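Below: the structure, in structure tokens.
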Amino acid sequence: MIDYLFYRTLRLMIKWGHRDRLLLSVILFLTMAINISINGIFGYLYAFFGYRFEILPVEKNSILLLMFSLAFLQYFYFVYNKRYLMIIRKFSNETLLETRKRNKSTTLLFVIIYVFGMASFFLMMLRNRGQFGFFLN
């Protein structure tokens with residue numbers, strides 16, 4: 001699934017005109033989507049149970065560390081090993097029916113990630129104001 005997400009994001013960046021730094025744009029876009037998912041999970045843990053997850057003492061640094069680590073891992077997974085060339089060859093030969101089927105699931109996944117992440121940030125905001133919390137102390 002991650003290979004197809006990479007391929008569709010690559011095609012999207014080409015369509016948007018990001019040809020000069022194509023692979024960097026794709027890696028940053030996927031890093032943001034994964035980061036929203038991970039922080040969304042942590043947001044739900046905080047909103048419902050009051051549990052804070054911090055990698056470093058300062059939250060801003062932990063988010064930056066997480067994003068940098070994800071981008072670094074994706075760089076080595078896709079670019080350094082030249083896996084992106086195999087992915088392009090693999091998915092560029094798809095039929096129109098296969099592409100439509102996969103596009104629906106990919107679009108649905110990105111929508112779910114976005115809605116899931118935004119809802120968790122909203123619940124965290126309510127929790128910080130003291131207006132939300134089912135399992136409060």
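The values are calculated or read from the model by the stated rules, or taken from the named source; none is laboratory data. Small disclaimer: the values here were computed from a predicted structure and weren't measured. With ideal geometry, Cβ positions are generated from the backbone for all residues, glycine too; neighbour counts draw on all protein chains shown.
Testing Lys90 on (1) assigned to a loop (DSSP other than H, G, I, E, B); (2) of a type in the set (D, E, K, R); (3) modelled with pLDDT of 75 or more, one condition comes back false. Which one is that?
(1)
Kindly provide the set of residues from the range 93-117 that are in contact with a helix residue (DSSP H, G or I) (Cβ under 9 Å, 6 or more places away or on another chain) and outside any helix (DSSP H, G or I), ordered by number.
Correct list: Glu94 only.
Quick one: what pairs do we get from the range 93-119, first residue within 13 Å of Ile34 (Cα to Cα), second not β-branched (Val, Ile, Thr), C-beta under 6 Å, 6+ apart or different chains?
Ile113/Ala33; Ile113/Ser37; Phe116/Gly40; Gly117/Gly40
Arg21: surrounded by 12 or more Cβ atoms within 10 Å (Cβ to Cβ) and charged (D, E, K, R), yes or no? Please lay out each step first, then the result.
Numbers: surrounded by 12 or more Cβ atoms within 10 Å (Cβ to Cβ): no; charged (D, E, K, R): yes.
Against the criterion (surrounded by 12 or more Cβ atoms within 10 Å (Cβ to Cβ) and charged (D, E, K, R)), Arg21 does not qualify.
Yes or no: Tyr80 of a type outside the set (Gly, Ala, Ser) and in contact (Cβ under 8 Å) with a residue 24 or more places away in the chain?
Spelling it out, it is not the case that Tyr80 is of a type outside the set (Gly, Ala, Ser) and in contact (Cβ under 8 Å) with a residue 24 or more places away in the chain.
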